[in-house]
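Colleague: My structure is below; once you've seen it, I'll send some questions.
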Amino acid sequence: MSLPRIYLSPPHLCGAEAEFVNEAFATNWVAPLGPNVDAFEREVCEFTGAKAACALSSGTAAIHLALRLLGVGAGDTAVCSSLTFAATANPILYQGASPVFVDSEAASWNLDPALVRDALAAGKRAGRLPKAVVAADLLGQCADYASLRTVCAEFGVALLQDSAESLGATCAGVAAGRQGDVGVFSFNGNKIITTSGGGMLVSDDAALVERARFLATQARDPAPHYQHSTYGYNYRMSNVLAGIGRGQLQVLTQRVETRRRNEAFYRAALGNISGVTFMPEAPWGRSNRWLSHIQIDPALAGASREDVRLALEAQNIESRPLWKPLHLQPAFAEFRAEARVTGVAERLFERGLSLPSGSALTETELERVATVVRNALPAAQA
Ligand SMILES: *Cc1c(COP(=O)(O)O)cnc(C)c1O
């Protein structure tokens, strides 16, 4: 009989969620929107320092709204991280625009500002300046926003920050999600906190957030009858789910510390194995360490990341390769405008494995994972 399964990043409730959800039931606020949604938005603003927020049905919906509000439309291009989950880029296609995929830099594994600059300069020369830069914060670590903001400002291009993985992280002491013109969070079930499914758009531009709210609720103009001056979406978060989010937000700071502790545990347990390295923490920020991540150089370690993944799976432990770079994904082949790549993302993908990172993991479980990894690597036996 095998040991209980260890998941990559399962939900971790704290108990307070049920009170808010029960209150929604007790007051019959099971309709979409309601007091939990308003409070959740307010509380995310308090946590991050953002001026305004709009709770939505998913992080993907938030990215879609942000792109439309930043003026990315049919025939346009938008610069986008290549090393990220497909949901960062999919909404670019929803808008009929084409992604320009840009590679990562070594310090944070996020969008390389020098390559972004090249992409914007080339677009400008060609009379096709990208309408936005979409920067994803990989595995909970902020991109180099000081540089990205400078580059975007130089070209007058909007910066959209996909902080789906980095809620609770900081960049130069400021909460993740506030570095771009618009920031996006996800409360999907595998993220650092969850509403079972949901997202949020934040910005210091309160008018833009109001416009997002309007578009997300079917773009109903203020009139007694149904009047629409533009087309909208059904993208709002339900009041029941916002209750889960309010409970989860109370423990976000603890969740960050626990995830960082997981990562520190793996570092201590595996860091001295030849060919095993960890995701660096860039000097400008503090990662939430959403996923603990190792890179395995097969030439030194004596086994590949796939060997290790299969060894973990055989012991009922879930792990995941890093996101396959989007410039290699068939889904985008016919839609993408361009790819500016140096090979960084591809190499990280080939060697990268994310280890179980849930905030409810016990030390015994962490040790169980580390033991399987060690046993799968010949270099660890030497
Ligand atoms: C999870 C995730 C999303 C999508 O969020 P959903 O709430 O699942 O729609 C977008 N971008 C990144 C980088 C993600 O990790």
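The values are calculated or read from the model by the stated rules, or taken from the named source; none is laboratory data. Keep in mind the model is a prediction, meaning the values are calculated, not measured. Because the Cβ atoms are built from the backbone with ideal geometry, glycine has one as well, and the counts that use them run over all protein chains shown. Surface accessibility is based on the protein's heavy atoms, side chains included, excluding ligands, DNA and RNA. Shrake-Rupley method; radii C 1.70, N 1.55, O 1.52, S 1.80 Å.
Colleague: Any idea of M279's accessible area? Nearest 10 Å², probe 1.4 Å.
Modeller: 0 Å²
Colleague: Sort 361-370, 64-73 by packing, meaning the average of other beta carbons within 10 Å per residue, with the highest value first.
Modeller: In decreasing order of mean packing, 361-370, 64-73 become 64-73, 361-370.
Colleague: To continue, here is another question. Explain nothing, just the number: relative contact order of segment 252-381, from Cα pairs under 8 Å at least 6 residues apart, as a whole percent.
Modeller: Once normalised by length, the contact order is 33 percent.
Colleague: Separate question: Report the percentage of all Cα-Cα pairs in segment 107-210 whose separation exceeds 18 Å, rounded to a whole percent.
Modeller: Taking all Cα-Cα pairs of segment 107-210, the fraction more than 18 Å apart is 48 percent.
Colleague: Also: May I ask you to evaluate 6.51 cos²θ - 1.76 cosθ + 1.60, the Karplus curve with θ = phi - 60°, for each residue of segment 341-347 and list the ³J(HN,Hα) values in order in whole Hz, giving x for glycine and proline?
Modeller: 10, 10, x, 4, 4, 4, 5
Colleague: Write down, largest first, the equivalent ellipsoid semi-axes of segment 170-290 in whole Å, where each equals the square root of 5 times an eigenvalue of the alpha-carbon gyration tensor.
Modeller: Taking √(5λ) for each eigenvalue gives 38, 16, 12 Å, largest first.
Colleague: Limiting things to C-alpha atoms, what are the Rg and the maximum Cα-Cα separation (Dmax) for segment 1-92, in angstroms?
Modeller: Cα-based Rg and Dmax for segment 1-92 come out at 18.3, 56 Å.
Colleague: Still on this model: Among A172, S98, F85, whose Cα lies farthest out toward the positive end of the dipole of the chain, if unit charges sit on the beta carbon of Lys, Arg (+1) and Asp, Glu (-1)?
Modeller: So the residue we want is S98.
Colleague: If you average the alpha carbon positions of segment 35-114 and of segment 223-258, how far apart do those two centres end up, in angstrom?
Modeller: 16 Å
Colleague: Take the Cβ-Cβ distance between D118 and T364 as r, set R0 to 30 Å, and report the resulting FRET efficiency rounded to the nearest 0.05.
Modeller: Efficiency, from the Cβ-Cβ distance: 0.05.
Colleague: Go through segment 372-382 residue by residue and turn each phi into a ³J(HN,Hα) via Karplus (6.51, -1.76, 1.60, θ = phi - 60°); whole Hz please, and just put x for glycine and proline.
Modeller: Working through the residues one at a time gives 5, 4, 4, 5, 7, 10, x, 4, 7, 8, 5 Hz.
Colleague: Report relative contact order for segment 31-178 in percent, whole number only (criteria: Cα-Cα under 8 Å, sequence separation at least 6).
Modeller: That works out to 21 percent.
Colleague: Per-residue counts of other Cβ atoms within 10 Å, averaged by peptide: what ranking do you get for 220-230, 289-299, highest first?
Modeller: Descending packing order for the listed peptides: 289-299, 220-230.
Colleague: Follow-up question, since we're still on this one. At 1.4 Å probe radius, can you tell me the per residue accessible area of segment 96-153 in Å²?
Modeller: Spelled out: the 1.4 Å probe surface of segment 96-153, per residue, equals 31 Å².
Colleague: For the chain, what relative contact order do you get, as a whole percent, if you take Cα pairs closer than 8 Å and at least 6 residues apart?
Modeller: Once divided by the residue count of the chain, the mean separation gives 24 percent.
Colleague: In addition: Under a cut-off of 27 Å between alpha-carbon atoms, report the lysines in cross-link reach of K324, not counting same-chain residues fewer than 8 places apart.
Modeller: In chain and number order, the partners are K131, K191.
Colleague: Next up: Rounded to two decimal places and with Rh computed the Kirkwood way over Cα pairs, what is Rg over Rh for segment 16-249?
Modeller: We get a ratio of 0.99 for segment 16-249.
Colleague: Determine the share of segment 179-333's accessible area contributed by carbon and sulfur atoms, expressed in whole percent, with a 1.4 angstrom probe.
Modeller: 52 percent
Colleague: Please figure out what share of the DSSP beta bridges in segment 16-249 is antiparallel and state it in percent, rounded to the nearest 5.
Modeller: Among the beta bridges of segment 16-249, antiparallel pairing accounts for roughly 50 percent.
Colleague: If you count, for each residue, the other Cβ atoms within 10 Å and average over each peptide, how do 138-147, 266-275 line up from highest to lowest?
Modeller: 138-147, 266-275
Colleague: Separate question: Reachable aspartates and glutamates from K124, Cα under 15 Å, same-chain residues fewer than 8 places away excluded?
Modeller: D76, E154, E338
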